[in-house]
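I'd like to ask you about the structure that follows.
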Amino acid sequence: MAFIAVTELSGTINERKLSGLMPILEAVEKSSRVRGLLIHMNSSGGEANASEILFRKVRAIREKKPVISYVSGMCASGAYWVASASNRIYSMETSLVGSIGVISITPNVRKLLEKIGIDVQVSKAGKYKDLLNPFSEATEEGKQKMLHIIDSAYQSFWKSVSAERKIPDDQRDAIATGEVFTSEDAVKLGLVDSIGGYNEALSEIRKISGIKKTRFIAPRKTFVSRFIGMAVKDTVLETLDASLGYWISLQ
């Protein structure tokens, strides 16, 4: 029987998150029984590369079946990049959306090591091989190289968002500032389509797909996470869907 798949993107977007979510998205894209995808967003973002991979996959799914995202909490930075690939985005009134920008933070411990008498010797082949070396002082040329890398990622981020959301490039300085916006402001800026949560998003995707039945498909957790989760839960309200191979609960 056909159904709408419901899943979530929460927490930090990284390689571990990819390993749990990508197989679900692959199955959703390929399965003829899945007629739409509803994504619950509550993430402050994460790694640029992992975010782009998820963005591209959600966009690929959207080309075959409807995708609706709804925000409950936060949908910022890389998470918003992913959400922008949806047909529509809903956001609850108290949620925060946006943070279109890129940041790189590299701690430098050179002065601390000098104070405690530790000398670090660095050997390298390649002028910029130690560009992010925390044990040596960054050169001005090295800083400019890093800014170029960061700006390249920023341009890719904005280009994707502006294209998907149909936002004119001349609005970049007002929107792609790295700040988060209230849902009300996000609607005005074109980052969100409507104020709403799960019920509104579900109603929309049911209308588009013509399907009522939904199934929640939880991203796969690591062994340690599953072990801890089972230890603190009194009951497990999940069944295994053989066609998708993931723990699900019926809704």
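The values are calculated or read from the model by the stated rules, or taken from the named source; none is laboratory data. Predicted model, so just to flag it, every value in this text is computed and none were measured. Cβ: placed from backbone, ideal geometry, glycine included. Neighbour counts: every protein chain shown.
Take E179 and decide whether it is modelled with pLDDT under 90 and surrounded by fewer than 19 Cβ atoms within 10 Å (Cβ to Cβ). Write out each step before concluding.
On the way: modelled with pLDDT under 90: no; surrounded by fewer than 19 Cβ atoms within 10 Å (Cβ to Cβ): yes.
Here the answer is no, as E179 does not meet what is asked.
Residues that are under 24 Å from W158 (Cβ atoms) and under 9 Å from the mean Cα position of the chain (by Cα): does region 25-36 have at least one?
Step one: of region 25-36, the residues under 24 Å from W158 (Cβ atoms) are 25.
Right, trim to under 9 Å from the mean Cα position of the chain (by Cα) and you get none.
Checked region 25-36: no residue is under 24 Å from W158 (Cβ atoms) and under 9 Å from the mean Cα position of the chain (by Cα).
Let me ask something else. Which condition breaks for I103 when tested against (1) surrounded by 14 or more Cβ atoms within 10 Å (Cβ to Cβ); (2) more than 30 Å from R206 (Cβ to Cβ); (3) in contact (Cβ under 8 Å) with a residue 12 or more places away in the chain?
(1)
OK, next. Just one of (1) of a type in the set (A, V, I, L, M); (2) crowded, with 17+ Cβ neighbours inside 10 Å; (3) within 24 Å of A79 (Cβ to Cβ) trips up A174, so point out which.
Unmet condition: (2).
How about region 4-23: which of its residues are surrounded by 16 or more Cβ atoms within 10 Å (Cβ to Cβ) and under 23 Å from S91 (Cα atoms)?
I4, A5, V6, T7, E8, L9, S10, I13, K17, L21
Residue-wise test of (1) charged (D, E, K, R); (2) under 15 Å from A186 (Cα atoms).
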{"residue": "I100", "(1), (2)": "no, yes"}
{"residue": "T106", "(1), (2)": "no, no"}
{"residue": "D119", "(1), (2)": "yes, no"}
{"residue": "G126", "(1), (2)": "no, no"}
{"residue": "E141", "(1), (2)": "yes, no"}
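Separate question: When you check R206 against the structure, is it surrounded by fewer than 19 Cβ atoms within 10 Å (Cβ to Cβ) and either assigned to a helix (DSSP H, G or I) or modelled with pLDDT under 95 (or both), yes or no?
On the way: surrounded by fewer than 19 Cβ atoms within 10 Å (Cβ to Cβ): no; either assigned to a helix (DSSP H, G or I) or modelled with pLDDT under 95 (or both): yes.
Criteria not met by R206.
Listed here are the residues, each with its yes/no results for (1) surrounded by fewer than 24 Cβ atoms within 10 Å (Cβ to Cβ); (2) not aromatic (F, W, Y); (3) not in a helix (DSSP H, G or I).
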{"position": "A50", "(1), (2), (3)": "yes, yes, no"}
{"position": "L54", "(1), (2), (3)": "no, yes, no"}
{"position": "K64", "(1), (2), (3)": "yes, yes, yes"}
{"position": "I68", "(1), (2), (3)": "no, yes, yes"}
{"position": "W81", "(1), (2), (3)": "no, no, no"}
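Here is a further query. Of the conditions (1) under 25 Å from V34 (Cα atoms); (2) in contact (Cβ under 8 Å) with a residue 24 or more places away in the chain, T182 satisfies every one except a single condition; which number is it?
Going through the list (1) under 25 Å from V34 (Cα atoms); (2) in contact (Cβ under 8 Å) with a residue 24 or more places away in the chain, T182 breaks only (1).
A further question on this structure: Find all pairs meeting these conditions: Cβ atoms under 7 angstrom apart; at least six residues apart or on different chains; first residue within region 12-23 and closer than 13 Å to K57 by Cβ; second residue in a helix (DSSP H, G or I) and of a type in the set (G, A, S).
I13/A50; I13/S51; I13/G78; I13/A79; K17/A50; L18/A50
Within the group V6, V71, V67, V97, which residue is over 15 Å from the mean Cα position of the chain (by Cα) and β-branched (V, I, T)?
From the options V6, V71, V67, V97, the qualifying one is V6.
Scanning for something over 27 Å from I68 (Cα atoms) and of a type in the set (D, E), does region 109-116 turn up at least one residue?
Yes, region 109-116 contains a residue that is over 27 Å from I68 (Cα atoms) and of a type in the set (D, E).
Let me ask something else. Only one of K129, K166, K143 is within 29 Å of I39 (Cβ to Cβ) and loosely packed, with under 13 Cβ neighbours inside 10 Å; which?
Numbers: K129 fails: within 29 Å of I39 (Cβ to Cβ); K143 fails: within 29 Å of I39 (Cβ to Cβ).
K166 is the lone residue from the list that is within 29 Å of I39 (Cβ to Cβ) and loosely packed, with under 13 Cβ neighbours inside 10 Å.
Of everything in region 92-108 that's small (G, A, S), in a loop (DSSP other than H, G, I, E, B) and at pLDDT 90 or above, which residue is farthest from I149 (Cα to Cα)?
Narrowing region 92-108 to residues small (G, A, S): 95, 98-99, 101, 104.
Next, from what is left, pick out any that are in a loop (DSSP other than H, G, I, E, B): 95, 99, 101, 104.
Add one more test, that the residue is at pLDDT 90 or above, and what stays is 95, 99, 101.
On the way: S95: 31, S99: 18, G101: 13 Å.
Filtering first and then ranking leaves S95.
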